[in-house]
Amino acid sequence: MHPVVEEAAILFANGQDEAALATLEGAADAGTLGAEAEQVWAMRFDLYQLLGRREAFEKHALEYSMKYEKSPPTWVEPARPTLGPALTTGGTAFVAFVGNLGENADKTVKQLEKIVAANPVARVEFGKLQNVDILGAEMLLKAMKAARKAKCELVMSGAEKLAELLKSRIEVGKREEETLWLLLLELYQHMAQQDPFEEWAVNYAITFEVSPPSWENRPPPKQPKPVAAPEAASAEPDGFPLTGEMYSAGSDAFRQLIDFATGREQVLIDCSTLKRMDFVSAGLFLNTLTNLQITGCSVTIRNPNRLLYALFGVLGINQVAHVEQRKF
């Protein structure tokens, strides 16, 4: 794999879109790629498409056709995204916090903030958290307050575990870790649990010698419901669809993939509406596909965009599944 292809794929997976685009544009414009030029140009066009940059796409499509005397790709108007499938597949509008909620959770919190700003509902997984520190709590508190202000509903899994982690770090009468207190109260607001909210609001008021925070009436939150098979529409009638942007593992989708593959000798995974998969998710995807291969299940991955196709090559996903590159 050409270093430019690998670098751009990794940058895009990490959410560094502009850096990925600059890498592809610089390499394509330099004209020294040789046999890899086709792939780099294809990734460049896909990234323009993913970023919604039609003017740049069409300008360079003309340049491509003149330079290589080939028909350029055509711009495809993106379909309006739907929220429902995302909540059942762990794709768009889904984030998962794992391990320690600390400074290293910055990327996940930023993704949650993006989702909150663009969607009426966001799904959040807290079940794999092991610890919480002040920096992480401060970032999450800000994001959850933004969600409440934007009237974005947080459909949370594992919220009780986060609540227990927070309560283990605070003590009534001990004026420390105020951010953890505030995050606990904010969490109970989003969980629509008024009784524990009021109990801990009084404890907070006693500890910090202030008036207790007020309860905000909210409708009961939706509960995440695991499903045995994906509900998302697939371009492949018999395929398992992965959709949207998958961050911080997207484990629900891969559990559903395992259920979908049970009893099948061949499985088709449709990536035609999958925009991005970060490294954590791609690593879990590799493990899932490896386990399916061990059980004798043959997997074909169809229609990933070219940045995903390159990422799958970087991680070796193409060694455990047949990956069909999207036509130019």
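Suppose the filter is more than 29 Å from ASN119 (Cβ to Cβ) and not in a helix (DSSP H, G or I); does VAL210 pass it? In short, yes.
Set side by side, the residues LEU289, LEU311 differ, and just one is buried (at least 22 other Cβ atoms within 10 Å of the Cβ) and either touching a residue at least 40 places away in the same chain (Cβ under 8 Å) or not in a helix (DSSP H, G or I) (or both), which is LEU311.
A quick yes/no check of all residues on (1) open to solvent by less than 60 Å² (accessible area, probe 1.4 Å); (2) under 10 Å from ALA310 (Cβ atoms); (3) touching a residue at least 60 places away in the same chain (Cβ under 8 Å); (4) outside any helix (DSSP H, G or I):
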{"residue": "VAL5", "(1), (2), (3), (4)": "yes, yes, yes, no"}
{"residue": "LEU11", "(1), (2), (3), (4)": "yes, no, no, no"}
{"residue": "ALA27", "(1), (2), (3), (4)": "yes, no, no, no"}
{"residue": "THR32", "(1), (2), (3), (4)": "no, no, no, yes"}
{"residue": "GLN39", "(1), (2), (3), (4)": "yes, yes, yes, no"}
{"residue": "LYS59", "(1), (2), (3), (4)": "no, no, no, no"}
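Between LEU154, LEU166, LEU135, the distinction of being open to solvent by less than 60 Å² (accessible area, probe 1.4 Å) and part of a helix (DSSP H, G or I) belongs to LEU166 only. Scanning the stretch 269-286 for residues that are under 14 Å from the mean Cα position of the chain (by Cα) and not in a helix (DSSP H, G or I) gives THR273, LEU274, LYS275, ARG276, MET277, ASP278.
The values are calculated or read from the model by the stated rules, or taken from the named source; none is laboratory data. Remember, predicted model here, so these are calculated numbers, not experimental data. Glycine also receives a Cβ, built like all others from the backbone with ideal geometry; neighbour counts cover every protein chain displayed. The protein model used for the area step is the full one, side chains on, heavy atoms only, and it has no ligands, DNA or RNA in it. Shrake-Rupley method; radii C 1.70, N 1.55, O 1.52, S 1.80 Å.
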